[in-house]
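Notes for the one structure printed next.
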Amino acid sequence: MGIILLIPKISCCQYTNNIWCFGDSAGINFKTNPPTAITSGLLTKSGSASITDNFGNILFYGSASDDSIKSSGKDSSGILKNRLNATKQNGTNLYSEWYHVMTIIPKSISDSTFYVFTGGVLHSFGLYYSVVDLKQNTGLGAVVQKNVQLDTFPVFDGITAVKHGNGNDWWLLYQRWDALSSQQNNEFHLLLVDSSGIQMQSLQNIGSLHDNGAGDLSFNSNGTKMIYVEWRGMIELYYFDRFTGIILNPINIEPELSVNPVPYYTSAVFSSNGRILYVTSYQSVYHKASYLYQYDLTAANIAASRILLDSV
């Protein structure tokens, strides 16, 4: 079993992600001290997304792929579950695949509807959104719009969101992946999600060029730093202006490798104070092992600060 951080994608002031649902019927409730294991309704090797109310009660959750469908010979597809761990009404066959391509954002802090953003990496190319209304189906919710396409190119396996500096709206960030041509790019695409809907905001070319489609894109707790990791070894740190949506000052920690073996960096998260970075490496092809690394982001040479914390 590999060490892979598949962090549910949501953070909010009124809504939280105190409950994580993932894997084969697994989950963790972080509202308790210490955190406690719970049972979920998922069967997946992909990443997941979840959202709870401000009391810590699960509202709904989902995964970028449903292994019960994939194992029957069908294309992998996203699935949403309600608070009773049952499949949400109209909550199957969301266009999504791979690991970090599902993110939940509330339409507003006083609404009962939510956007579920998903991405197509190898099939059903593009960025999509579906809409969940929790007032439907006697409070269990239903998907009332599904697979509305926003972009048509293959997306990098890392869709993430962060709260706008105004405290109400959201930024959604994702990257282009030229899967068919293997052409390098450094395109970051930015959406603004506010009370009027979804606004295609900007395209920013910043940071190192790369051509890998798998990895992770993640923010620190206050939304001012963003980390990018990918299978072929690149780790890059960016600063982010939550008011303007501008990505700033890229710092390349480790470069993308052009030859094997590569480290297969799968996930990355910041420590609560933002000073430490944790990165997982799933080297199943070359070393049949997985590794958890720590980096000191305050070090003069961040790459040289790497420490191996654990391996399996």
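The H on the amide N of residue 99, modeled in the peptide plane, is under 5 Å from the matching H of 47, each at least 5 residues off or on a different chain. Sorting 238-246, 301-309, 114-122 by their mean Cβ neighbour count within 10 Å, with the most densely packed peptide first, gives 114-122, 238-246, 301-309. Principal semi-axes of the equivalent ellipsoid, √(5λ) from the alpha carbon gyration tensor of segment 216-287, are 25, 13, 8 Å from largest down. Note on the chain: with charges restricted to the Cβ of Lys and Arg (+1) and Asp and Glu (-1), its dipole about the Cα centre is near 660 debye. May I ask you to work out the translational diffusion coefficient for segment 78-221 at 25 °C, viscosity 0.890 mPa s, via Stokes-Einstein with Rh from the Kirkwood sum over Cα pairs, reported in whole µm²/s? Translational diffusion coefficient: 156 µm²/s. Distance between the 7 Å Cα→Cβ label points at residue 24 and residue 239: 4.6 nm.
So for segment 169-312, Kirkwood radius off the Cα pairs, Stokes-Einstein at 25 °C and 0.890 mPa s: how many µm² s⁻¹?
153 µm²/s
Once you wrap a convex hull around the alpha carbon atoms of the chain, what is its projected area averaged over all directions, in nm²?
That works out to 15.4 nm².
Both radii were evaluated on the Cα set of segment 156-208; the Rg over Rh quotient, with Rh as the Kirkwood radius, amounts to 1.05.
Ordering 63, 195, 181, 124 by the number of other Cβ atoms within 10 Å of each residue's own Cβ, fewest first, gives 181, 195, 124, 63. Between 196, 40, 50, the residue with the greatest mean-square fluctuation in the GNM of the chain (Cα pairs under 10 Å linked by springs) is 196. The packing ranking of peptides 27-34, 155-162, highest mean first, is 155-162, 27-34, where packing means the average number of other beta carbon atoms within 10 angstrom of each residue.
No value in this document is a laboratory result; all are computed from the given coordinates. As the structure is a prediction and not an experimental result, all values here were calculated from the model. Don't worry about glycine lacking a Cβ; one is built from the backbone with ideal geometry, like all the others, and counts go over all protein chains shown.
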